[in-house]
Structures are given as C-alpha cells and as structure tokens.
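Quick notes on the structure that follows.
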Amino acid sequence: MAAAPDAARGPRTRSERTADSRLLILDAAVACLVEDGYAAASTLAVQARAGVSRGRLLHHFPSRAELLVAAARHLSTIQLEEVRRRAAALMDDEPAGRERVDRAIDLMWTTFQEPPFWAAMELWTAARTDPELRAALRGEERRLRAAIGAVADGIWGPAITGAPLYADLTELLFTSMRGVALVYAFEDRPAATDPHLALWKRLAARMLALDSQG
C-alpha cells in the first residue's frame, strides 16, 4: 500500500506548523469579524474559534489591533484574487468601449456587498475612537488601495485606463459605491437593481467620452 502524501514526505517542519497556526488564527479572526462584528471579535473569541493556545495567538499577534488588521488584509488578499478570476471570465470575449465599462462597473459594485467590505467597515468605524487600531489600519489602507487600483486597471484595460479622466472616474466610483453600499447594512433589497448602477454607467461613459464615440 502506498504511503499517504503527508507520511511520504515526512513530518512537517516548525516553520510549516507556525504558518498553519497563523492561518488558523487569521481564518478565525475573519469569521469573528464578519459574523459577529468588531465588538465581539475579541482575542479570546478568536483563540477559542481557532483552537490555539493563548501563547500561540500572542506569539503571532501581540495586540488585538494587529490581529484584526492582519485578518482584514488576509481576507482582502483572497478576495482580490477572486476578483481577478471573475474579471478574466467576464472579459474573456474582450469587450470594448461602453460594454467593457458597464461590465467593469457591475463587477466593481458586487465587491461592495461581500465580506471584505463589511470587515473593513467594522474596522473603520471602530478606528474612529480607537487610536491603536487607527494607527495599525492607516498603513494597511494605503497598501490595500494600491492593490485594488492595480486590479481595477486590469479590469478596465489599457484603452480605458489611458483616458484623461480615468483616475478621477475610478476615485469617484470607489467613494460613491462605498457610501451607497452602507445602506445595505439595513436595507433588504437586491443590490444588483440599485438605481445608482445606471447612473454610474452613464457618468463613466460621459467622463470617458464614450458617448461621442457612438
């Protein structure tokens, strides 16, 4: 009988065990943050959900702020990869002009109804009155915005990213979508039918001068 893959390659190294426990903690922190909110996402709650010792958790994340910001980063990294995958499928037939813009906006909007956005909302709100969290979050926000921008550029494509008002448009869309998405914290209606979608698409076509191209 052939040995199982793990047995065949021998026992895990210390660094592999450390990486595994860190991932367990991050996954548990994400679940606490998204399902229960910032107030309930204590280090004790994360520790219990991850099934690790107190010492192991504190070894990886000495403070609650570091833990939750790292969890948000972990979730966002996974989500950005998923957005890249969706974008590749969505743009597989290489649409151009207005059609590409409409699809890009639809995809962009869906990301504001998903766990990374709500995890970020929990942290941003808490950071207003938590100086330690605010300090930990500030640098991460800059990194995340740069990563989001790179993914967005790939979705829009070079023909659109080269437009004079492209940067202004994407900033406007990002901030507007973020504000509109907050309504869905208490509104029970399908985000895909939000009236702002048509408005964003018209605005994008106008700013990118696509209407004049027929």
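Every number here is computed from the coordinates shown, using simple stated rules; none is lab data. All figures in this text were calculated on a predicted structure; none of them were measured in a lab. Methodologically, a virtual Cβ is constructed for each residue, glycine included, from the backbone with ideal geometry; neighbour enumeration extends over all protein chains shown.
Below, the figures for the structure above:
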item: Relative contact order of region 14-62, pairs being alpha-carbon contacts under 8 Å that are 6 or more residues apart, as %; result: 38 percent
item: Efficiency of FRET from Cβ geometry, Ala198 and Glu132, R₀ 41 Å, rounded to 0.05; result: 0.45
item: Neighbour net charge for Arg86 - beta-carbon separation under 13 angstrom, K R +1, D E -1; result: -2
item: Neighbourhood charge, 11 Å Cβ-Cβ cut-off, centred on Ile160 and excluding it, Lys, Arg +1 and Asp, Glu -1; result: +1
item: Exposure proxy ranking, count of Cβ atoms within 10 Å, fewest first, for Ser76, Ser42; result: Ser42, Ser76
item: Descending semi-axes in whole angstrom, ellipsoid equivalent of region 14-62, from the Cα gyration tensor; result: 19, 11, 8
item: Surface/4 estimate of mean projected area, convex hull on alpha-carbon atoms of the chain, nm²; result: 16.3 nm²
